[in-house]
Amino acid sequence: MAKVALFVVVCMAAVAVMLTPHADAAIFCGRVVSSLIPCINYVIKGGAIPAPCCNGIKSLNNQATSTPDRQTACNCIKSAAASIKGINFSHAGSLPGKCGVNLPYKISPSIDCSTVQ
């Protein structure tokens, strides 16, 4: 099941990269998704957060330094999250804080990523 979810996330990220213009962004969906793959089981089942998940969130946060980068990351996360069957958005939304990262937006299916600064 996790392998199928991972495959779906990677496919959705590839489509998002092809369809979404990010001329000013230095970050891309493939990097976002690969940083967050270790988090998939947590956002579905909860439990303990794996260290590689927090490491990926911290790394992604450090890479997304400009507004276009943060908007790109937001759109990638939103697309990937929408493709994960059984995702618990409460778990997903709590991840950054539990990993010691302060995101300028909440991970949610309804976020407007164009407003992310």
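The values are calculated or read from the model by the stated rules, or taken from the named source; none is laboratory data. Everything numeric here is computed off the predicted structure, so don't read it as measured data. Counting neighbours? That spans all protein chains shown, and the Cβs are built from the backbone with ideal geometry, glycine included. Calculation scope for accessible area: heavy atoms of the full protein, side chains included, ligands and nucleic acids excluded. Shrake-Rupley method; radii C 1.70, N 1.55, O 1.52, S 1.80 Å.
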When residue 81 is run through (1) touching a residue at least 60 places away in the same chain (Cβ under 8 Å); (2) hydrophobic (A, V, I, L, M, F, W, C); (3) over 15 Å from residue 28 (Cα atoms), the failure sits at (1)
Going by the conditions given, is residue 48 open to solvent by 60 Å² or more (accessible area, probe 1.4 Å) and without any contact (Cβ under 8 Å) to a residue 12 or more places away in the chain? yes
Checking the condition at pLDDT 80 or above and more than 11 Å from the chain's Cα centre (by Cα), which residue from 79, 83 passes? 83
